[in-house]
1. Any chance you could run the full-extension gain for Ala63 through His103? It's 0.36 nm times the residue separation minus the Cα-Cα distance, nm to one decimal.
2. Give me the percent of accessible area attributable to carbon and sulfur for the chain, probe 1.4 angstrom.
3. Using alpha carbon centroids, what distance separates the range 238-272 and the range 284-329, in Å?
4. Could you state the angle between the C-alpha long axis of helix 409-420 and the longest principal axis of the C-alpha atoms of the chain, as a value from 0 to 90 degrees rounded to the nearest 10?
5. Considering only DSSP beta bridges where both residues belong to the range 152-215, give the percentage that are antiparallel (nearest 5).
6. Among all the lysines, which ones have a C-alpha under 20 Å from Lys508's C-alpha, if same-chain residues fewer than 8 places away are not counted?
7. Between 0 and 90 degrees, rounded to the nearest ten: what's the tilt of helix 318-328 against the longest Cα principal axis of the chain?
8. Students often check this: by mean Cβ neighbours within 10 Å, which of 286-296, 443-453, 72-82 ranks highest, and how do the rest follow?
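The values are calculated or read from the model by the stated rules, or taken from the named source; none is laboratory data. A quick note: this is a predicted structure, and the numbers were derived from the prediction, not measured. Quick reminder, even Gly has a Cβ in these numbers, built from the backbone with ideal geometry, and neighbours come from all protein chains shown. The protein model used for the area step is the full one, side chains on, heavy atoms only, and it has no ligands, DNA or RNA in it. Shrake-Rupley method; radii C 1.70, N 1.55, O 1.52, S 1.80 Å.
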Amino acid sequence: MIDPIFRSKKNYEVKEASVLKLNLTILETSDVHGSIMPLNYGNNEYTPIGLAKVSTILKEERANGGHVLVIDNGDLIQGTPLTYHYVKKQGIEENPMIRVLNHLKYDAAVVGNHEFNYGMDVLKEAVETSDFPWLCANILNEQSGKPFLGKPYIIKQYESVKVAVLGVTTHYIPNWENPSHIKGLTFEEALKSTEKWVNLIKEKENPDLLIVSYHGGFEKDPVTGEVTENLTGENQGYEICEKIAGIDILLTGHQHRTIATTINNVLVLQPGVNGQMVGKATISFEKTAEKWEIADKKVELIPVEHWEPDKEIIDLIQTDETATQKWLDTPMGKIKGDMLVEDAHQIRLGDNPLIEFINKVQMKVSGADISNTALFHNNSPGFPPNVTMRDIVSNYIYPNTLKVILITGQDIKDALERSASYFMIGTNGELEVNPTFTTPKPQHYNYDMWEGIEYILDIRKPIGERVVKLARDGRDIDRNQEFEVVMNNYRAGGGGDYTMYRDKRVVKDIPMDMSELIANYILEEKIIEATVDRNWKVIWKDENI
């Protein structure tokens, strides 16, 4: 939902009839996920995204000659082959994402959950080489109990107007992240921490404007207040607006939504994903006595689509980009048969060569006999006859590692029921995707497909009762028997509401990224035969059985 868009006037400070006036523009990016160039790395086609386009907007806003505050709200340093290549192949060089934000003179950045994906050393290097502070009030050093980056908030002064910016991050990270990447950290509940620091800032700093930049989203509809997801604490944006007094602006992200609105008199922004939009808040101050007052406040989203990319930014990362493109075009091997994705929906209805291959790789490198994986997004192209690194990272887009965990037959059944809830039967009798997996954020990556077991999901049955066959080697699985199952680290930690996996014993940890494991497997085998043993299927009507 995007509220009516307001265009800001030129910032200024003048004296008219003894009234001082000042305009401040706050610009937000969030969930940039490594996007600088306006392209899709999977096919190198133009896509209207990225910091090169954002840069042009920032230049335009600053050209107005007024006061501009620029904040990145997190999930910056992970997400494209450019960032992956930097970490794996060019780690001794400067992080290109930080080089760009330094060049763009950002005022602050907030730690996002994906900042931890490459490990603490990469994050600390990014922080230490930044010309701007990284904010995070609620992720604490386990020993000292203080914010682990040392900076919960900053104060910015514009003439005599005092602005506070507090950074907070979703505390749900331990449910997803590799434990070794967050060792020595504790995660204070975001709502509780925000309230504590807002009260402290008001008492100690007495700012004229208080901004909370929260790498998290909304658990309720911003307009109606209706609950839109399980209240796990992952997203608390609505509650922050409703329960904490004194916040003027809440910058959000994490859910990749486009939001520009007001909740309980708090301005709220969320600018999508990959630098596709810039969030903008314009605050007009007036001072008639000793205190500045907010006379007017407006929000909007600025799409980058109609802005030209900034050549300065492209030139700034050209060496990194060239090296990345060369790496992406590296030949890996050949596919004998068909592993292309023509229809992502169809892939999820029955066993297929691509998913079977990914599961086989996981089973081979882990030694486990049972595996699950997902088709992460609906634009996954599959593997062409001649596979390059570009094809691998286009299909396996996350820097996941693997874990083998010990779970029961009942856990397997419960996990399959969770996956089966991905589907619903529409009014026309056809199979559709349950809106809980698409709204407010697409979560196709939370539908798993298995190898090493035989199963059938019957979507005609109620959610929780859809697993109508569950066997191994032709025999029904004993619900009390334990099995070693390999899956990615996100899922093994319970990510995607797979709560049955939490706190299970880890039998084996494979620390290498899955994209590297796939590449090594193909390089070793040279020719991969597309096979499908049809060990599972989804049914939703009689003729489908």
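1. Stretched fully, the Ala63-His103 segment lengthens by 12.8 nm.
2. 47
3. Centre-to-centre distance over Cα atoms comes out at 19 Å.
4. Computed tilt is about 60 degrees.
5. Beta bridges within the range 152-215, antiparallel portion: roughly 45 percent.
6. Lys183, Lys360, Lys364, Lys403
7. Here the helix axis deviates by roughly 10 degrees.
8. Descending mean neighbour count gives 72-82, 443-453, 286-296.
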